[in-house]
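In what follows, a structure is listed as C-alpha cells, so that the remarks can point back to it.
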Amino acid sequence: MLSMTRIGLAPVLGYLILEEDFNIALGVFALAGLTDLLDGFIARNWANQKSALGSALDPLADKVLISILYVSLTYADLIPVPLTYMIISRDVMLIAAVFYVRYRTLPTPRTLAKYFNPCYATARLKPTFISKVNTAVQLILVAASLAAPVFNYADSIYLQILWCCTAFTTAASAYSYYHYGRKTVQVINGK
C-alpha cells in the first residue's frame, strides 16, 4: 500500500513541478520519502508484512518516482538535461538486466503468466554499496532542486557541485553493476 501511494504521488509531484508550485511539491516529496522510510521500517521489523509483491513494488515505486521527478525538474530548468539522461539511461539498463535475469531464472515452461507474476520470485537484485550511495545522492539532489526556487538558490555553485557528484555516483553505480554482475544477483528459485 505504501509503495502504491508513492507511485500515485509521482505524477502529482510532476504536475506540481511543471506548474512551478515548488512549496507544495517540496511537502509532497517529503510525504513520498516518509512512505519509503515507513515501508522499509515495516518490512525490516515485521516479517509477516514482507511479501513478494511488496519486494517488487518498492523498487518500481522508487524508479517511477525518481524518473518523474528528474524529467519534470529538468523541464523546469532545475536539473541539466545530460544528467537526467544519464540517470534515466542507467535505470533503463538496470530494468533491462532485471527482465533478462527474470527470464533466465524462470523454470520451464516459461509462460507470460509466470513471468509477470510478482508473487513468483526467482531472483533478487542486491544493490551494491555505491548504488545505495547513488540513490541517496540522487534524492538529495531532488530535494535541493525542489528547494532551490523556494529558498532562492537556483543558480548556486553548490547545486552545480551536487550535479557533478550525482553524475559521478550514477556512473560509478552503473559500472559497479557491470563489474560485479553475477555477484549482485541472488537466485531464489531457478535452474
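The values are calculated or read from the model by the stated rules, or taken from the named source; none is laboratory data. If you're wondering where the values come from, they're calculated on a predicted model, not measured in any experiment. When we count neighbours, we look across all protein chains shown, and the Cβ atoms used for this are built from the backbone with ideal geometry, even at glycine. Quick note on the areas: whole protein, heavy atoms, side chains included, nothing else; ligands and nucleic acids left out. Shrake-Rupley method; radii C 1.70, N 1.55, O 1.52, S 1.80 Å.
Going through the stretch 151-176 one residue at a time, which ones are open to solvent by 40 Å² or more (accessible area, probe 1.4 Å), aliphatic (A, V, I, L, M) and at pLDDT 95 or above?
Those that are open to solvent by 40 Å² or more (accessible area, probe 1.4 Å), aliphatic (A, V, I, L, M) and at pLDDT 95 or above: I157, I161, A171.
Restricting attention to the stretch 177-191, which residues are out of contact with any strand residue (DSSP E or B) (no Cβ under 8 Å at 6 or more places or on another chain), in contact (Cβ under 8 Å) with a residue 24 or more places away in the chain and open to solvent by less than 50 Å² (accessible area, probe 1.4 Å)?
Across the stretch 177-191, the qualifying residue is only Y177.
Only one of these is in a loop (DSSP other than H, G, I, E, B), at pLDDT 95 or above and open to solvent by less than 70 Å² (accessible area, probe 1.4 Å): I87, I79. Name it.
On the way: I87 fails: in a loop (DSSP other than H, G, I, E, B).
After ruling out the rest, the residue left standing is I79.
For residues in the stretch 90-104 being out of contact with any helix residue (DSSP H, G or I) (no Cβ under 8 Å at 6 or more places or on another chain) and without any contact (Cβ under 8 Å) to a residue 60 or more places away in the chain, which is nearest to N152 (Cα to Cα)?
Once the filter is applied, the top-ranked residue is V92.
Taking the stretch 129-168 as the region of interest, how many residues are more than 14 Å from the chain's Cα centre (by Cα) and polar (S, T, N, Q)?
The number of residues fulfilling the criteria is 4.
Being open to solvent by 30 Å² or more (accessible area, probe 1.4 Å) and assigned to a helix (DSSP H, G or I), is that true of even one residue in the stretch 115-127?
Yes.
Could you tell me how many of the residues in the stretch 29-53 are open to solvent by 90 Å² or more (accessible area, probe 1.4 Å) and outside any helix (DSSP H, G or I)?
So the answer is 2.
Looking only at residues in the stretch 96-112 that are open to solvent by less than 100 Å² (accessible area, probe 1.4 Å) and basic (K, R), which one is farthest from Q186 (Cα to Cα)?
Among those that are open to solvent by less than 100 Å² (accessible area, probe 1.4 Å) and basic (K, R), it is R110.
Of L26, L65, L16, which residue is surrounded by 16 or more Cβ atoms within 10 Å (Cβ to Cβ), touching a residue at least 60 places away in the same chain (Cβ under 8 Å) and either of a type in the set (S, T, Y) or part of a helix (DSSP H, G or I) (or both)?
L26
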